[in-house]
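Beneath this line is the structure, given in structure tokens, with notes to follow.
The values are calculated or read from the model by the stated rules, or taken from the named source; none is laboratory data. Given the structure is predicted, the values throughout are model-derived calculations rather than measurements. With ideal geometry, Cβ positions are generated from the backbone for all residues, glycine too; neighbour counts draw on all protein chains shown. These area figures cover heavy atoms from the full protein model, side chains too; ligands, DNA and RNA do not enter into them. Shrake-Rupley method; radii C 1.70, N 1.55, O 1.52, S 1.80 Å.
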Amino acid sequence: MRHRIAVVGGGPAGLTLARVLLRHGHLVDVLERDPAPDARPPGGTLDLHEGLGQLALDKAGLLAEFRALSRPEGQAMRVLAPDGTVLRDWLPGPDETANPEIDRGRLRDLLLGPLDVQWGRGVTRVVPGGRDGVRVMFEDGRQAAYDLVVGADGAWSRTRPAVSPVTPHYTGVTSVETSLDDVDTRHPDLARLIGDGSMGVYGENRNLVAQRNSGGHVKVNAQFRAPRDWPADLGLDLGDAEAVRSSLLALFDGWAAPVLDLLRRGTAFLHRPLYALPVGHTWTHVPGVTLLGDAAHLMPPLGAGANLAMLEGAELAEAIASGPADLDQAVRAFEDRMCARAARWSKITTAGLDRLVSPDPAQALAVFDRVQPS
């Protein structure tokens, strides 16, 4: 008997779940709020880890295609002091495939493949416990019933309230993003400064990180400790790029001129305060509803979130396709494994953020020394 399954959210977690289920001959309704795949910018680049995101793609039968699209050279990492001194310069080996980079847009297209996503299907509420199953309420007033609803709808999940009252809290760290286009041609000096992968500069309670995407595009993030409403507190209009730029340059005053050029030459600025769910967030199991990824365990963005979300999607799909005949039993067992693993990673990333945005910049360097090859 085929179960009626919906996944709310067409990000890496939801699409991985759908692709692995499809590989096992099961269909799932993918419900995505965006009206089309290209309705908004897909975001930056991701490093997919061998035992996490790459394992998920292997379970979906997509690992070879991923390797053809990924950028192994993007594993390079350079760390500078605020005065421009190069403190560390790690380069990947010729056959290094532990954490290759891929643009989010390319990963999305790879996962979409033959999936028939229901675009423009914004979910407002998920109601478990009905006679005909779990009810999904849509923005247009319609509703549908399912045997299982999987919330893969991110930090501000509309599915989460069906199982947990907990909402994300502000970490105390804010991020302001800008970008550079055609960097090798238009900004060759910055291209050399950044290298083939990422470059980070760490000072007291603030840092600047630049990361290559494909096509000569570079994302630049300034992270620092500030009140959640930092722009409003300063009277800043985020639409006024020059005002935001001036404020950031004042915040990083005294840093080396080539480093500050990452801000001087950036285009528009986006404010992204960093939120997280409590470390070890879990919930009492609710039949017919579960969560994946940021909806379940939003954590600081230090390379684990998307990897965990994809592996969770793949594992839940396998549990449904080849696990016990009792769907609820399979989901309950999956939740136990997911929450235990996510708690470990939440603890690691929370501590990592505290060290990367620290009064003592040496703590940031120590983080990279622990994870990079000697």
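Provide the gained length on full extension for the span ARG228 to VAL166, in nm with one decimal, where the gain is 0.36 nm per separating residue minus the Cα-Cα distance.
Details: separation 62, 0.36 × 62 = 22.32 nm, distance 1.87 nm.
That pair, ARG228 and VAL166, stretches by 20.4 nm at full extension.
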Task: Accessible area per residue in Å² at 1.4 Å probe, computed on the chain - done: 44 Å²
- [ ] Compute the FRET efficiency between GLN118 and GLN372 as 1/(1 + (r/R0)^6), taking r as their Cβ-Cβ distance and R0 = 25 Å, and round to the nearest 0.05.
- [x] 0.05
Task: Helical mean residue ellipticity (222 nm; -39500 (n - 2.57) per DSSP H run of 4+; nearest 500) of the chain - done: -10500 deg cm²/dmol
Open item on the list: On a full-extension model of 0.36 nm per residue, what is the gain between MET137 and VAL86, subtracting their alpha-carbon distance, rounded to one decimal in nm?
Closed with: 13.0 nm
TODO: Please calculate the 1.4 Å probe accessible area of PHE269, with all protein chains present, and give it to the nearest 10 Å².
DONE: 10 Å²
Task: Distance from the stretch 285-327 to the stretch 3-57 (C-alpha centre basis), Å - done: 11 Å
Task: Estimated vicinal HN-Hα couplings, Hz - the stretch 265-276 in sequence order (Karplus 6.51, -1.76, 1.60; Gly, Pro = x) - done: 9, x, 8, 5, 10, 10, 8, 10, x, 8, 10, 8
- [ ] Express the carbon and sulfur contribution to the solvent-accessible surface of the chain as a percent, rounded to the nearest whole number, probe 1.4 angstrom.
- [x] 50 percent
Task: Residues of the stretch 48-66 with amide N under 14 Å of the 7 Å Cα→Cβ point at ASP109 - done: 66
Task: DSSP beta bridges in the chain [antiparallel fraction, %, rounded to 5] - done: 75 percent
